[in-house]
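Below is one structure, written out as structure tokens; comments come after it.
The values are calculated or read from the model by the stated rules, or taken from the named source; none is laboratory data. Predicted model only: the values in this text are computed from it and were never measured. We place every Cβ from the backbone using ideal geometry, glycine too, and count neighbours over all the protein chains shown. Areas reflect the complete protein model, heavy atoms only, side chains present, ligands, DNA and RNA absent. Shrake-Rupley method; radii C 1.70, N 1.55, O 1.52, S 1.80 Å.
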Amino acid sequence: MKRRWIAGAIGVLAVALAACAPGQGNTAQVGASDQGGEAQGGKAGGDKVTLSLWSWRVEDVKAYEKILATFEKSHPKIHVEFKPFQATEYPNILATGLSGAAGPDVAQLKSYGGLQPLVEAGQLVPLDGKVEALSGFDAKLLEGAKGHKDGKIYGVPFAYQTLQVLYNKKLFGDNGIQPPATWDDMIAAAGKLKEAGITPFAVAAGPDATWTLPIVHEIFGNARYGSTRFRDALLRGEKKFTDPDFTTSIKLIKDLEPYFPKDVVAVKIPDVQALFASGKAAMYPTGSFDLAPMLAANPSLDLGVFQVPPPPGSPVTTPVTPGWADGSFGVNAKSAHQAEALELVRWMATPEFGQLYAGELKQLSAVPGVTPSDPLLAEMAKNYAANGAPYTLLVDFRYGQPNGDAVFRDEVQKMLAGQTDPKAVAESVQKGVGQWFKPGN
């Protein structure tokens, strides 16, 4: 029975996390015929217009059908078809669709560097002045939906993600552990858990998991490298990734390795997720996107969340919650139904959509004024509002090649395999982004 439960959990978690992964690029879930004909919009009887909405969220079909049914009640002349694709293939499918006549009317868009190729190709409609509600959105989240060069807004942000540590309250209670108030408290708790035969931190660094390593680094190291102050100095050209504080923040990951699963560089994402969901690991450094999949895999989990206390020597002395804009919804410049598509994205900027999104998908809505009903999500939102900081490599260093985030994750995996060291990791990142990044640009 236990083996069957874990196998089921692995299946649920692997699909869900792959789709939520920041920057993961998809095999279409719809047939080739679905990408032609009325894919860009058509008539659904009478004068009703059918809009095509493309997404990388194959697991969210039922939720979006429910959400979009609410839109259709107040917009009876518009029908919306939600068409999801596999996350890993979505960027290529979307770029192809937008370049021809068979693309979507409205598309789910990646943020920051992932958005720019579509902007530069002129494939999206600028929304400045067309969606008035955007003026009330958090400026940090709007950055993910803007053109890097022209500063125009090309999408309505739908969610943001935060980074922190989920923990198993039962395992903490059984071992007399409280959420840590200091870095030393956290290390002492990890040692106590390890002695009890429990994996302290559920971390994967196998071939399918390298993208999670920058996330792990942000959670443990953001305060140590200087958080927003360091990021701002980087952008001005006053600091480099080879700065001693950033190098030391990388070393933290190596220092924590004894508390990760054994042979961490061989551990896959489904394995480590099942480890945490089954109660064999006590803490899971991850994103808010992982809360719903964890509870779906094991509804009996009693979870808590904490911000990592600043490590010794940190320039920032208060806990930090890194985060980023997850994505947005934009309008295809070639849509034959732009007026109706604009109606849809305007509605996506309303609290009605935001509350439905947060409730149905257990995600943090980007719409101002939306309060998550889930208490853990509400706590994550509160922490981000009070102590939010950008996930620097994702927010600022994905605009060129080589992608800074990608260089970092591959080098950290090598470090955990004993093939390099923190200083060399930092040098590789600086060398990589130095090929295209110009301070102040």
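If Lys and Arg each add +1 and Asp and Glu each add -1, what is the summed charge of the other residues whose beta carbon sits under 15 Å from the beta carbon of Ser135? Don't jump to the answer; show the numbers that get you there.
Values: positive: Lys130, Lys140, Lys146, Lys152, Arg346; negative: Asp128, Glu132, Asp138, Glu143.
Net charge around Ser135: +1.
Is any residue of the stretch 259-294 close enough, with backbone N under 14 Å, to a label point placed 7 angstrom from the Cα of Gln419 along the Cα-Cβ axis, and if so, which?
From the stretch 259-294, the list is 265-266.
So what's the gap between the Cα centers of the stretch 356-392 and the stretch 194-251, to the nearest angstrom?
After rounding, the separation between the Cα centres reads 22 Å.
How large is the dipole of the chain about the Cα centre if only Lys and Arg carry +1 and Asp and Glu carry -1, each at its Cβ, rounded to the nearest 20 debye? Provide the component values of the computation, followed by the final result.
Working: 42 positive and 45 negative charges, 73 e Å.
In debye, rounded to 20, the chain gives about 360.
Round to the nearest 0.05 the FRET efficiency obtained for Ala101 and Lys194 when R0 = 60 Å and r is the Cβ-Cβ distance. Write out the running numbers ahead of the final one.
Values: r = 59 Å, r/R0 = 0.98.
My answer for the efficiency is 0.55.
How much length is gained if the chain between Ser135 and Lys149 is pulled fully straight, taking 0.36 nm per residue apart and subtracting their Cα-Cα distance, in nm to one decimal? Walk me through the intermediate numbers first.
Details: separation 14, 0.36 × 14 = 5.04 nm, distance 1.96 nm.
The span from Ser135 to Lys149 would gain 3.1 nm if fully extended.
Per DSSP H run of at least 4 residues, take -39500 (n - 2.57); add these up for the chain, divide by its residues and hand me the 222 nm value, nearest 500 deg cm²/dmol. Numbers along the way, then the final one.
Values: 18 runs with 187 residues, N = 441.
One gets -12500 deg cm²/dmol as the mean residue ellipticity at 222 nm.
So, counting K/R as plus one and D/E as minus one, what does the shell of residues with Cβ under 15 Å around Gly313 add up to?
Details: positive: Arg224, Arg229, Lys251; negative: Asp184, Asp243, Asp245, Asp255.
Surrounding charge for Gly313 is -1.
Under a point-charge model restricted to the Cβ atoms of Lys and Arg (+1) and Asp and Glu (-1), what is the dipole moment magnitude of the stretch 263-364 relative to its Cα centre, in debye to the nearest 20? Don't jump to the answer; show the numbers that get you there.
On the way: 5 positive and 9 negative charges, 30 e Å.
Dipole of the stretch 263-364, to the nearest 20 debye: 140 debye.
What accessible area, in Å² to the nearest ten, does a 1.4 Å probe give for Ser227?
Counting only protein heavy atoms, the figure is 10 Å².
Any idea how far the Cα center of the stretch 90-145 sits from the one of the stretch 280-337, in Å?
Value for the Cα centre distance between the two parts: 23 Å.
Please go through the stretch 332-375 and write out the trypsin sites (Lys or Arg not before Pro) that DSSP classes as loop and that have at most 10 other C-beta atoms within 10 Å. Mind showing how you got there, number by number?
Numbers: sites: Lys334, Arg346, Lys362; in loops: Lys334, Lys362.
Qualifying residues, ordered by number: none.
Which label marks the calculated value of Cα Rg over 2.2 N^0.38 Å, given the options (1) 1.24; (2) 1.05; (3) 0.98?
For Cα Rg over 2.2 N^0.38 Å, the calculated option is (3).
Using a 1.4 Å probe over the heavy atoms of the protein chains, calculate the carbon and sulfur portion of the accessible area of the chain as a whole percent. Provide the component values of the computation, followed by the final result.
Working: 9060 of 17530 Å².
The computed percentage sits at 52.
Roughly what would the spin-label model give for Glu360 and Ala386, points 7 Å off Cα along C-beta, in nm?
For Glu360 paired with Ala386, the spin-label model returns 3.2 nm.
In the chain, what % of DSSP beta bridges are antiparallel (nearest 5)? Intermediate results must be reported in sequence, preceding the final value.
Working: 26 of 40 bridges.
Taking every DSSP beta bridge with both residues in the chain, the antiparallel ones total about 65 percent.
To the nearest 0.05, how large is the calculated FRET efficiency for Glu120 and Thr182 if R₀ is 35 Å and r is the Cβ-Cβ distance?
On the way: r = 47 Å, r/R0 = 1.33.
Computed FRET efficiency for Glu120 and Thr182: 0.15.
Can you work out the FRET efficiency for the pair Lys77 and Ala296, with r the C-beta to C-beta distance and R0 = 30 Å, to the nearest 0.05?
After rounding to 0.05, the efficiency reads 0.25.
Pick out, from Gln273, Tyr90, Pro117, the residue whose Cα sits farthest towards the positive end of the charge dipole of the chain, with +1 on the Cβ of Lys and Arg and -1 on the Cβ of Asp and Glu.
Gln273
Considering only DSSP states other than H, G, I, E and B, which trypsin sites (Lys or Arg not before Pro) in the stretch 178-274 qualify as loop sites with at most 14 other Cβ atoms within 10 Å?
Numbers: sites: Lys192, Lys194, Arg224, Arg229, Arg231, Arg236, Lys239, Lys240, Lys251, Lys254, Lys262, Lys268; in loops: Lys239, Lys240, Lys262, Lys268.
When the trypsin sites (Lys or Arg not before Pro) of the stretch 178-274 are filtered for loop state and at most 14 Cβ neighbours within 10 Å, Lys262 remain.
Treat every Asp and Glu Cβ in the stretch 288-441 as -1 and every Lys and Arg Cβ as +1, leave all other atoms uncharged, and give the resulting dipole magnitude about the Cα centre to the nearest 20 debye. Walk me through the numbers on the way to the answer.
Working: 10 positive and 15 negative charges, 98 e Å.
Rounded to the nearest 20 debye, it is 480 debye.
Net charge near Ala296, counting Lys/Arg +1 and Asp/Glu -1 over other residues with Cβ under 14 Å of its Cβ? It would help to have the intermediate numbers written out before the result.
Working: positive: Lys62, Lys362; negative: Glu59, Asp60, Asp290, Glu360, Asp374.
Once all neighbours under 14 Å are counted, the net charge is -3.
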